[in-house]
Amino acid sequence: MDKNCRSDVAAFPELFTGMEQFIEELAAGLRRTGFRLAVLAIPGCALLLFALHKAA
């Protein structure tokens, strides 16, 4: 398999159009998902610690 090199973008620009937009949208989705997980995990951990403290 041939190794990709930096000249690929110059040789085939049509293959790389929209790549920046794709990366930006992917990063935005990952940030959104991470924020949602944090919003759910923080109260969840607090409830778990509260329940464990009451059980002990």
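The values are calculated or read from the model by the stated rules, or taken from the named source; none is laboratory data. Fair warning: this is a prediction, and the values are worked out from it, not measured in the lab. Note: ideal-geometry Cβ built from the backbone for every residue, glycine included; neighbour counts use all protein chains shown.
So in segment 1-10, with the set limited to residues that are loosely packed, with under 10 Cβ neighbours inside 10 Å and in a helix (DSSP H, G or I), which one is modelled with the highest pLDDT?
The initial filter retains those residues of segment 1-10 that are loosely packed, with under 10 Cβ neighbours inside 10 Å, namely 1-7, 10.
Those left that are additionally in a helix (DSSP H, G or I): 7, 10.
Working: SER7: 64, ALA10: 70.
Result: ALA10.
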Exercise. Which residue pairs have Cβ atoms under 6 Å apart, sit 6 or more places apart or on different chains, and have a first residue in segment 14-36 that is surrounded by 10 or more Cβ atoms within 10 Å (Cβ to Cβ) and a second that is in a helix (DSSP H, G or I)?
Worked result: PHE16/VAL9
